[in-house]
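What follows is a single structure, written as structure tokens, with notes after it.
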Amino acid sequence: MNIFYEDSVHFDRDLPEFGTQGGVHVHKDGLTVTSPVLMWVQALDVILEKMKASGFDFSQVLALSGAGQQHGSIYWSAGASLVLASLSPDLPLHQQLQACFSLSDSPVWMDSSTTTQCRQLEVAVGGAQVLSCLTGSRAYERFTGNQIAKIYQQNPEVYSCTERISLVSSFAASLFLGSYSPIDFSDGSGMNLLQIQEKVWSQACLSACAPDLEEKLGPPVPSCSVVGVISSYYIQRYGFAPGCRVVAFTGDNPASLAGMRLEEGDIAVSLGTSDTLFLWLKEPVPALEGHIFCNPVETQHYMALLCFKNGSLMREKIRDESASRSWNEFSKALRSTEMGNSGNLGFYFDVMEITPEMIGCHRFNAENHEVPAFPGDVEIRALIEGQFMAKRIHAEGLGYRIMPKTKILATGGASCNRDILQVLADVFGAPVYVTDTANSACAGSAYRAFHGLAGGTDVAFSEVVKLAPNPTLAATPTLEASQVYKALLPRYASLEQKILSQTYGHLE
Ligand SMILES: Nc1ncnc2c1ncn2[C@@H]1O[C@H](COP(=O)(O)OP(=O)(O)O)[C@@H](O)[C@H]1O
Ligand SMILES: O=C(CO)[C@@H](O)[C@H](O)COP(=O)(O)O
């Protein structure tokens, strides 16, 4: 349960021949975003060579797993499986796999060029909410089904000579297996193709996207499945032990949930440039916002992902306006104002928010009258309480329920601010812990490999990782907090609805 080796390859710097920026190519339309698939293959060569040069003892590895950005897709050309199965240990992977891809540039999660296909998919299945109930999300441009539909429509010849489509995660697993790895349920939930309850491909979605798609995807598997053993290529070239198990790879966010060791009822709050919430859900309520994925460590459960665009940048703006650009002053304001802010509530969205779709600043006094401004201290508390009430309300909208054992794991830049974390603990009525999640997706992949090795679905993940380092307690809810927020939360929710209906009324 200790991390003893870490290394990385930086695509732009270490593989400059591919000419990427931030690991991707943004195309002229500004919407299409791809990465060269051979760059990813070569990155694996580079990292394994680095490990070998450092003296890493591959023979000690009993099992491995991994994670990849969600939604991105790889198109293997006809005959590629034969090449994959007969790799020569004398040559690096990238030299041998050059002719294996029917599409050399893989669409990645940043791509937003498939709006047409999204609307087509929603119409085909009976609407956005129906699609969300089936697959956990309404149609999103980056979700793989819509990407596949675009390729089929715009490049039918590429589609027809593709024998297999992988996600980034199952692609990387395939490289280690020397054969096509199945897609796991959790990362498979980011495709708008998988029925998250039944855990089978949705025939309605498949046929709305492209013909013969089921055979190109292969059957999906539980995320903790052992999908095979390492290919002889790695045994001969790097000294892996024969029989080293490969546990299904998954998406980076599901792997982070495993790395942070979330359990039922827990919530991870990343307070970075944007704020992101990961939730562990037992009974999901798919909605038109957020994403519900199958849970990567407990097959019968779910996880949800909610993104709030107005995170730290909004906090910085209010800090600059109301706390002389100082986090210390900002904290002082939080400490000098009372929970509930004497009934003053605020909504602060500098840029168009995702959850919910809203822009602008709105302030309400205790009588629910909109007011133009608050005193500095009140403004700061209104911002932080408002941000956390919105998180709780939208999480509960997806089926999230706070339980007596709920833990909140806070990460990201603003998680160093104990006064902000105190408000988080108070609004949720649950203790807040801080955790170092740098590389949590990698740590989560190692934990998942261990889980798969220990028996997968037959063994509780929490049992397998119980000796991992624990997060640190940072804030516990104040005694009267639950009373205060019990009254404020419904008020916040109804004011949010009021602003939304005014906005939509205005747009109409
Ligand atoms: N003491 C602090 N209090 C509140 N926010 C802080 C504090 N220190 C840093 N931050 C915020 O952390 C943000 C960076 O968070 P980080 O997780 O590194 O972002 P990213 O999403 O880019 O990885 C900065 O934008 C800053 O506003
Ligand atoms: O699109 C999503 C989640 O839906 C992204 O979170 C991708 O999974 C990429 O991950 P990062 O680059 O942000 O780690």
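Among the residues of segment 295-317, those that are away from ligand 1 (no atom under 11 Å from the Cβ) and either touching a Pro at 6+ places or on another chain (Cβ under 8 Å) or aliphatic (A, V, I, L, M) (or both) comprise Asn295, Pro296, Val297, Thr299, Tyr302, Met303, Ala304, Leu305, Leu306.
Given the residues Ser54, Ser77, Ser73, Ser106, which is the only one that is in contact (Cβ under 8 Å) with a residue 12 or more places away in the chain, in contact with a strand residue (DSSP E or B) (Cβ under 7 Å, 6 or more places away or on another chain) and over 26 Å from Pro296 (Cα atoms)? Steps first, please.
Details: Ser54 fails: in contact with a strand residue (DSSP E or B) (Cβ under 7 Å, 6 or more places away or on another chain); Ser73 fails: over 26 Å from Pro296 (Cα atoms); Ser106 fails: over 26 Å from Pro296 (Cα atoms).
Unique residue meeting the criteria: Ser77.
Residues considered: Pro219, Pro211, Pro242. Of these, the only one that is in a loop (DSSP other than H, G, I, E, B) and out of contact with any helix residue (DSSP H, G or I) (no Cβ under 9 Å at 6 or more places or on another chain) is Pro219.
Any residue at all in segment 412-426 that's more than 16 Å from ligand 1 (Cβ to nearest atom), within 30 Å of Met352 (Cβ to Cβ), modelled with pLDDT of 95 or more and over 20 Å from the mean Cα position of the chain (by Cα)? So that I can check it myself, show each step before the final result.
Of all residues in segment 412-426, those more than 16 Å from ligand 1 (Cβ to nearest atom) come to 426.
Subsequent filtering for residues that are within 30 Å of Met352 (Cβ to Cβ) retains 426.
Okay, now just the ones that are also modelled with pLDDT of 95 or more, so 426.
Pick out the ones that are also over 20 Å from the mean Cα position of the chain (by Cα) and you get 426.
Yes; the residues of segment 412-426 include at least one that is more than 16 Å from ligand 1 (Cβ to nearest atom), within 30 Å of Met352 (Cβ to Cβ), modelled with pLDDT of 95 or more and over 20 Å from the mean Cα position of the chain (by Cα).
Here Ser342 does not fit the description of being more than 16 Å from ligand 2 (Cβ to nearest atom), part of a helix (DSSP H, G or I), within 22 Å of Ser270 (Cβ to Cβ) and of a type outside the set (D, E, K, R). When the helices (runs of 4 or more DSSP H) confined to segment 404-508 are screened for residues that are small (Gly, Ala, Ser) and in contact (Cβ under 8 Å) with a residue 24 or more places away in the chain, those reaching at least 2 such residues are found at 440-454, 481-507. Checking each residue in segment 407-446 for being away from ligand 2 (no atom under 16 Å from the Cβ), closer than 11 Å to Ser256 by Cβ and not polar (S, T, N, Q) picks out only Leu409.
Scanning segment 374-411 for residues that are closer than 11 Å to Leu345 by Cα and of a type in the set (A, V, I, L, M, F, W, C), which turns out nearest to the chain's Cα centre (by Cα)?
Once the filter is applied, the top-ranked residue is Met389.
Just name the residue that is surrounded by the most Cβ atoms within 10 Å (Cβ to Cβ) out of those in segment 142-192 that are aliphatic (A, V, I, L, M) and farther than 17 Å from Gln70 by Cα. Break it down into steps so the answer makes sense when it comes.
From segment 142-192, those aliphatic (A, V, I, L, M) are 148-149, 151, 158, 165, 167-168, 172-173, 175, 177, 183, 191; that's our starting set.
Applying the additional criterion that residues be farther than 17 Å from Gln70 by Cα yields 149, 151, 158, 175, 177.
Numbers: Ala149: 25, Ile151: 22, Val158: 15, Leu175: 23, Leu177: 21.
Checked segment 142-192; the qualifying residue surrounded by the most Cβ atoms within 10 Å (Cβ to Cβ) is Ala149.
Would you call Ala258 among the small types (Gly, Ala, Ser), within 13 Å of ligand 1 (Cβ to nearest atom), in contact (Cβ under 8 Å) with a residue 40 or more places away in the chain and crowded, with 21+ Cβ neighbours inside 10 Å? So that I can check it myself, show each step before the final result.
Working: among the small types (Gly, Ala, Ser): yes; within 13 Å of ligand 1 (Cβ to nearest atom): no; in contact (Cβ under 8 Å) with a residue 40 or more places away in the chain: yes; crowded, with 21+ Cβ neighbours inside 10 Å: yes.
No.
Could we say that Glu49 is charged (D, E, K, R) and buried (at least 17 other Cβ atoms within 10 Å of the Cβ) here? For Glu49, the condition - charged (D, E, K, R) and buried (at least 17 other Cβ atoms within 10 Å of the Cβ) - is not met.
Going by what's in this entry, would Val297 be described as within 30 Å of Leu48 (Cβ to Cβ), surrounded by 21 or more Cβ atoms within 10 Å (Cβ to Cβ) and over 16 Å from the mean Cα position of the chain (by Cα)? So Val297 fails the test. Restricting to segment 319-353, and then to whatever is more than 11 Å from ligand 1 (Cβ to nearest atom) and aliphatic (A, V, I, L, M), can you tell me which residue is nearest to Lys391 (Cα to Cα)? Step by step, filter segment 319-353, then rank; the result is Leu345. Checked against (1) within 22 Å of Ser231 (Cβ to Cβ); (2) surrounded by fewer than 20 Cβ atoms within 10 Å (Cβ to Cβ); (3) at pLDDT 95 or above, Tyr5 passes all but condition (3). Sub-7 Å Cβ pairs linking a first residue in segment 299-315 that is basic (Lys, Arg) to a second residue that is within 11 Å of ligand 1 (Cβ to nearest atom), at least 6 apart or interchain, are Lys309/Ser274; Arg315/Ala414, ordered by first then second residue. When Arg164, Arg142 are screened for being over 25 Å from Ala287 (Cβ atoms), touching a Phe, Trp or Tyr at 6+ places or on another chain (Cβ under 8 Å), of a type outside the set (S, T, N, Q) and at pLDDT 95 or above, only Arg164 passes.
The values are calculated or read from the model by the stated rules, or taken from the named source; none is laboratory data. Everything numeric in this text was worked out from a predicted model, so none of it was measured. Neighbour counts are summed over all protein chains in view; Cβ atoms, including those assigned to glycine, are modelled from backbone coordinates with ideal geometry.
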